[in-house]
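Just dropping this structure here.
Values quoted throughout were computed directly from the atomic coordinates according to the rules given, and no laboratory measurement underlies them. Note that the structure is a prediction, hence the values are computed from the model and not measured. Please note: Cβ atoms are built from the backbone with ideal geometry, for glycine as well, and neighbour counts cover all protein chains shown.
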Ligand code: ADP
Ligand code: MG
């Protein structure tokens with residue numbers, strides 16, 4: 001059982017590689033300069049590729065050939081143009097150069113086949129896949145992903161050799177260069193669990209550098225240079241100011257770091273070809289007010305996670321700070337004062353994630369090595385019976401249980417377990433019932449045990465040398481799914497398609513599920529009709545456009561071997577691995593056909609025109625909702641707020657162009673998605689509200705009917721319907737509420753039919769209809785009905801109504817209108 005051992009923090013600003021060695025972590029240093037972190041920067045010099053600080057230092061001199069912060073563009077189609085190569089390079093390729101450089105740090109020359117790479121917790125499936133691809137391109141055969149806050153907390157828990165007496169909760173607050181992550185953890189004396197995490201992929205220290213330029217440097221420069229719109233000019237790719245912009249970015253970052261130590265600092269600006277020099281003084285106070293809104297956003301996210309998990313400040317023992325931006329004194333002050341929880345900055349903020357990644361790698365069993373070395377695991381016996389060995393790989397206890405499940409039909413013999421250092425030995429133990437025994441552990445060490453199993457006649461039948469238990473280290477119990485994974489299905493009632501969650505946010509990975517859906521249309525052999533299986537990362541119940549499509553299988557008539565008939569079952573198997581690989585199998589039992597796919601999208605395109613269109617559509621929808629909800633002031637205020645924020649984004653977008661070299665486009669896209677989700681939620685709850693009022697209306701009608709006829713049989717029926725009323729109404733599930741409404745409707749009909757007088761008004765209505773299928777017969781029936789009405793023979797009236805109903809033309813018989821546009825249907829419900 002060999003473990004992976006190598007962990008990498010592939011950061012926006014800095015990266016790091018570390019190795020797990022028998023419970024200790026070695027952080028590899030750059031052979032040049034002996035620094036542990038490697039700047040995530042790549043420079044192209046002629047044919048040479050430079051990575052790290054030496055690349056970053058060239059940013060000022062040669063900005064068109066040096067690239068940084070590409071992690072923010074992982075998973076997008078945006079590429080970088082390399083002037084020296086005259087070709088484009090993708091964020092995945094740039095990341096893979098960083099990973100390759102990190103491999104050079106390993107002085108032992110070991111070959112790494114498998115590795116753990118960390119990602120921000122809110123990375124979606126596409127961004128996660130892009131990271132895995134970068135790993136594979138860098139030469140690793142298998143890449144495991146680990147969420148950064150989890151890594152940081154592993155580093156924290158294991159570094160401090162914690163001895164906890166009782167369960168605690170911590171908040172990990174990771175504010176780096178490009179992203180912000182916050183996670184809520186629960187830890188006791190034995191294990192650590194992640195309860196929830198939140199994050200923003202566009203919130204980090206590099207925004208501060210840009211703010212310093214935009215708000216503090218530019219105004220002074222514009223004055224002194226007598227220029228206008230300098231900020232717009234700065235951000236344009238390929239223009240005279242671009243070099244100056246990158247120079248200033250570098251200086252602004254240095255100034256920001258200085259301000260973490262001193263009250264004031266200077267930025268010097270030298271423009272050679274303009275023979276211009278100036279110096280700008282920045283003080284802490286100005287800087288703090290500049291970054292206040294960003295810091296506030298991190299606090300809001302931290303509060304959100306506490307609130308949604310029902311935690312108050314006193315329930316959280318500490319906030320563990322990681323990420324370079326937590327070195328800013330104002331950030332620390334704000335966290336402490338706004339959350340009212342003690343902060344802990346005892347871990348080195350820039351290495352914690354890499355160290356945690358290595359701890360995790362130390363518990364992950366290598367798969368590639370395993371298969372290669374399989375024969376040597378058990379060199380003595382060739383055709384070994386299958387014994388299953390169960391034990392905890394990490395333990396905080398001084399003894400641990402090892403249990404063995406033998407294969408069936410094995411005669412009881414004896415076993416022996418020894419610790420490889422010789423300090424523990426069970427001696428030969430006769431197997432009476434089961435093989436299960438406590439073994440002693442050496443504190444703070446990696447304990448390896450040997451297990452031998454003998455037949456009753458003393459022949460060795462099984463041996464395993466690889467039972468390893470690490471004492472004193474925390475392991476993590478499962479990573480969480482950061483967003484719902486949904487299936488797009490038809491919502492017949494509203495004539496739209498909606499998302500239905502297959503897996504919910506915060507479910508523990510890996511996940512596997514089989515669901516059954518019903519075909520909502522016929523798909524005839526060879527026809528153009530199709531079934532669309534669209535897997536979307538988004539919120540349960542929301543509109544598909546507010547999420548991110550991660551995989552799509554289309555089953556058209558051309559792919560079928562038999563007709564697929566409306567109403568048949570469709571079996572869908574879906575699994576998500578711990579590293580977020582998504583596999584889907586669709587089985588059509590009626591035609592015994594299987595469709596299988598693994599979704600590995602690594603790119604999605606984000607263009608200004610696409611964002612523009614989405615904002616425009618959303619604004620139109622909001623406009624409609626505003627008109628439809630006249631008088632509902634609270635709701636209207638919320639719509640207005642979203643509308644205003646979207647318009648602000650629209651303006652921001654209009655000032656941005658595809659050539660913009662900053663992240664503006666991505667940030668706007670990110671914010672747009674958040675706003676559309678908010679809007680979607682408001683309208684969804686409204687739909688739910690209208691279902692609940694429909695339910696209540698029906699209930700009132702039924703109660704009213706019942707009070708006039710007072711019939712015990714029907715009263716019992718109503719009681720039965722009301723039995724789980726509360727659960728259903730509180731479920732927030734509109735389908736459940738609808739099914740309750742149906743039950744009430746049925747009862748209402750039955751009650752209605754009980755009283756013949758109820759048929760007078762339908763009869764009068766039916767009298768006015770002129771399009772009966774058999775008009776002669778209908779005429780006769782109407783005459784008969786009129787007579788009965790005169791004589792107050794209501795039973796006869798009822799009978800006439802039934803018969804007339806049967807003669808109604810199709811379009812009048814079914815008054816439920818379905819306004820589906822067939823092309824928009826998925827074919828699933
Ligand atoms: P990432 O996880 O994005 O690679 P890090 O956690 O290494 O990032 O943090 C990098 C960010 O922290 C950068 O924006 C950097 O400017 C900032 N930073 C580093 N040191 C300091 C400091 N002393 N004061 C303020 N910011 C700092
Ligand atoms: Mg980081």
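I'd like the distance between the alpha-carbon centres of the range 7-69 and the range 616-649, rounded to an integer number of Å.
47 Å
Could you tell me how many degrees, from 0 to 90 and to the nearest 10, lie between the Cα long axis of helix 148-159 and the main elongation axis, the longest principal axis, of the Cα atoms of the chain?
Rounded to the nearest ten degrees, it is 50.
Where does each of 463-472, 704-713, 218-227 land if you order them by average Cβ count within 10 Å, highest first?
Output ranking for 463-472, 704-713, 218-227: 463-472, 218-227, 704-713.
Can you tell me how much longer the chain between residue 697 and residue 167 gets when fully stretched, taken as 0.36 nm per residue apart minus their C-alpha distance, in nm with one decimal?
Value of the extension gain: 186.0 nm.
A follow-up question, please. Hey, what did the chain get for relative contact order, percent, Cα under 8 Å, at least 6 apart?
Across the chain, relative contact order equals 11 percent.
Now for a different question. Once you put a point 7 Å from the Cα of residue 226 and another 7 Å from the Cα of residue 605, both along the Cβ direction, what distance in nm separates them?
For the pair residue 226/residue 605, the computed spacing is 4.6 nm.
Moving on to the next point. How compact and how long is the range 102-225, expressed as Rg and Dmax of its alpha-carbon atoms in Å?
19.5, 64
With all distinct Cα pairs included, what does the Kirkwood hydrodynamic radius of the chain come out to in Å, to one decimal, could you say?
31.7 Å
Oh, and also: Compute the acute angle (0 to 90°) between the alpha-carbon long axis of helix 633-654 and the principal axis of greatest extent of the alpha-carbon atoms of the chain; round to the nearest 10°.
It works out to around 50 degrees.
Can you give the FRET efficiency for residue 438 and residue 34, using 1/(1 + (r/R0)^6), R0 = 60 Å, r = Cβ-Cβ distance, to the nearest 0.05?
Step by step, r from the Cβ atoms, then E = 0.85.
Can you give the calculated 222 nm mean residue ellipticity of the chain, where each DSSP H run of n ≥ 4 adds -39,500 (n - 2.57) and the sum is split over every residue, rounded to the nearest 500 deg cm²/dmol?
Helices in the chain give a 222 nm mean residue ellipticity of -12000 deg cm²/dmol.
Describe numerically, in nm with one decimal, the distance between label points set 7 Å from Cα along Cα→Cβ at residue 136 and at residue 508.
Calculated label separation equals 2.9 nm.
How high is the relative contact order of the range 755-812, in percent, counting Cα pairs under 8 Å that sit 6 or more residues apart?
Relative contact order comes out at 51 percent.
A follow-up question, please. What is the distance in Å between the Cα centres of the range 738-773 and the range 776-802?
15 Å
For the range 755-812, what does the convex hull of the Cα positions come to per residue, in cubic angstrom?
Per residue, the Cα convex hull of the range 755-812 comes to 67 Å³.
What does the highest-first list of 697-703, 37-43 look like by mean Cβ count within 10 Å?
Top to bottom by mean Cβ count within 10 Å: 37-43, 697-703.
Mind checking the angle between helix 125-137 and the chain's longest principal axis? C-alpha axes, 0 to 90 degrees, to the nearest 10.
Relative to the chain, helix 125-137 is tipped by roughly 40 degrees.
In terms of the Cα gyration tensor, with a ≥ b ≥ c the square roots of its eigenvalues, is the range 247-370 rounded because a/c is under 1.5, prolate because a/b exceeds b/c, or oblate?
oblate
For the range 168-345, what relative contact order do you get, as a whole percent, if you take Cα pairs closer than 8 Å and at least 6 residues apart?
27 percent
Full-extension gain between residue 304 and residue 568, please, as 0.36 nm times their residue separation minus the C-alpha to C-alpha distance.
90.7 nm
Calculate I(q)/I(0) for the range 168-345 by the Debye formula, one identical point scatterer on each C-alpha and no solvent, and give its log10 at q = 0.10, 0.13 Å⁻¹ to two decimals.
Log10 of I(q)/I(0), two decimals: -0.47, -0.70.
Sorted by average packing, counted as other Cβ atoms within 10 angstrom per residue and highest first, what order do 168-178, 436-446, 532-542, 579-589 take?
The most tightly packed comes first, giving 168-178, 532-542, 579-589, 436-446.
Given points 7 Å out from each Cα along the Cα-Cβ axis, report the residue 420 to residue 22 separation in nanometres with one decimal.
1.0 nm
Continuing with the same structure: Between the range 297-311 and the range 572-598, how many Å separate their Cα centres?
Taking the Cα centre of the range 572-598 as reference, the centre of the range 297-311 is 36 Å away.
In addition: Using the 10 angstrom Cβ neighbour count as an exposure proxy, how do 2, 141 rank, fewest first?
Listed from fewest to most nearby Cβ atoms, that is 141, 2.
Continuing with this model, one more query. State the extension gain, in nm to one decimal, for the chain segment bounded by residue 655 and residue 337, taking 0.36 nm per residue of separation less the distance between their alpha-carbons.
That works out to 110.8 nm of additional length.
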